[in-house]
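A.B. asks: Sending over a structure as C-alpha cells; questions will come in a sec.
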Amino acid sequence: MRKEISIRIVLFAFFAVLCALVLVPFYAIALGSFKPGKELVRNGLNLSFDLSVMSFDNFVFLFTGNHAYFLWFFNSFLLTIVQVALTLLVSAFVAYGFAAYEFKGKNVLFICVLLIMMVPFEILLLPLYKLTFDLGLMNTFSAIVLPGVANASTIFFFRQYLRGIPNEIITAGRVDGASEYGIYFRLIMPIMKPAFAAMAILNGMHSWNNLLWPFMVLSDSNKYTLPIGLKTLLTPYGNNYDLLIVGSFFSILPIFLLFVGFQKYFIDGMTAGAVKG
C-alpha cells in the first residue's frame, strides 16, 4: 500500500513538472500580448509581470487597426475546416477498404502507405511543386488542400482502429440488405467517432500551423493563411511586434478550444488506436 502511494506521488510530481514546462511558453506569450512591441524588442519574451508596461492596446489594435489579420484568420479557418473534412472522409474510406476487404495486392499497397509515412515532406516539395504548377493550381486554395487529402498517417491510424471492429457487424449489415455504403455510413462511422475526433485534432493542428507549403504556392496576399500573414510582419524594413505577439496568442485559441471540446474522444481514440492491431 505504501509503495503504491509512493508511485502515485512520484507520477503526480512528474506530470506536474511536465505540465508546468508545457504551460510556460503559453504564459510568456500571454504576458507578451499585453506589452508594447518596443518592450519586447528590449527584453524579449519573459515571465516578468510588470503592470507599469502592460495594457490592452495590442488587443484594441488587433480588433480595430488597419491590417489584414482577420482575413488571414478566415483563410486559415476555412482551409482547416475543408482540409480536415476531406482528409477524414477520404482517409477513412481507404482505411476501411484495407480493414474490411480482401483483394489482390492489398498487402503491397499497405506497405506503400507505410513507406510514404517514412518520407519527409521536404523531399516531396520540388516534385509536388512542379506537379502543382503543371496542373495550373498555383496560387489557389486547392493547391494546399489536395496534396494532404489522402494522409498516410491518418489512413494507418484508421486501419488499425477498424481492425478492432468485429467483422460480424459488416456481415449482419449485408444480411439485412444494407448496401456497402449503407454499412459504412450507418454502422461503421458511428463506431469510429473517437478515431475521427483524434484525427480531426491532429490534422487540424497541422493544417492550422502549416507554413512551408502554403508559403510556396500562394502569391496573392488576399489568400495568405495566418502563419504566412504573421511572417510578413517581420521584414528587413521594420517589425510589427505589437500585432505579431497578440496575433500569435489569439491564433492559439481555436486549436485550444478544439482540443478542449473533443478531449474525451481524443483520449479514447488514441488509446483504442494504440492497442488494436
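The values are calculated or read from the model by the stated rules, or taken from the named source; none is laboratory data. Keep in mind that this is a model prediction, so the values were computed, not measured. FYI the Cβ positions are ideal-geometry reconstructions off the backbone, even for glycines, and counts take in every protein chain you see. SASA here: full protein model, heavy atoms, side chains in, ligands and nucleic acids out. Shrake-Rupley method; radii C 1.70, N 1.55, O 1.52, S 1.80 Å.
A.B. asks: Considering the Cα positions of segment 140-181, please state its Rg to one decimal place and its Dmax as a whole number of Å.
C.D. replies: Here Rg and the maximum Cα pair distance are 15.8, 46 Å.
A.B. asks: I need the peptides 157-167, 52-62 ranked by packing, meaning the mean over residues of other C-beta atoms within 10 angstrom, with the highest value on top.
C.D. replies: 157-167, 52-62
A.B. asks: Which of ALA28, PHE73, VAL113 sits farthest toward the positive end of the charge dipole of the chain, with +1 on the Cβ of Lys and Arg and -1 on the Cβ of Asp and Glu?
C.D. replies: Going by the charge dipole, the pick is VAL113.
A.B. asks: Might you tell me the accessible area per residue for the chain, computed with a 1.4 Å probe and given in Å²?
C.D. replies: Result: 60 Å² per residue.
A.B. asks: Now for a separate question. Any idea which of LEU187, GLY164, MET199 is furthest toward the positive side of the dipole for the chain, if Lys and Arg beta-carbons carry +1 and Asp and Glu beta-carbons -1?
C.D. replies: So the residue furthest toward the plus end is GLY164.
A.B. asks: Taking the alpha-carbon set of segment 12-95, what are its Rg and Dmax in Å?
C.D. replies: According to the Cα coordinates of segment 12-95, Rg and Dmax are 19.2, 57 Å.
A.B. asks: Starting from the residue with the highest accessible area, list ASP220, ASP134 in decreasing order, probe 1.4 Å.
C.D. replies: Order by accessible area, largest first: ASP134, ASP220.
A.B. asks: How do HIS206, HIS67 rank by accessible surface area computed with a 1.4 Å probe, from largest to smallest?
C.D. replies: Ranked list, largest accessible area first: HIS206, HIS67.
A.B. asks: Hey, another quick one. Between ILE191 and ILE7, what is the FRET efficiency for a Förster distance of 35 Å, r being their Cβ-Cβ separation, to the nearest 0.05?
C.D. replies: The calculated FRET efficiency here is 0.50.
A.B. asks: Now for a separate question. Convex hull over the alpha-carbon atoms of segment 94-250: what's its volume per residue in Å³?
C.D. replies: Given the Cα convex hull of segment 94-250, per-residue volume reads 165 Å³.
A.B. asks: Tell me, what % of the accessible area of the chain is carbon and sulfur with a 1.4 angstrom probe?
C.D. replies: 70 percent
A.B. asks: Here is a further query. Per DSSP H run of at least 4 residues, take -39500 (n - 2.57); add these up for the chain, divide by its residues and hand me the 222 nm value, nearest 500 deg cm²/dmol.
C.D. replies: Rounded to the nearest 500, the figure is -22000 deg cm²/dmol.
A.B. asks: Something else now. Would you mind classifying the chain by shape? Square roots of the alpha carbon gyration tensor eigenvalues, ordered a ≥ b ≥ c; an a/c under 1.5 is rounded, otherwise it is prolate if a/b is larger than b/c and oblate if not.
C.D. replies: Oblate.
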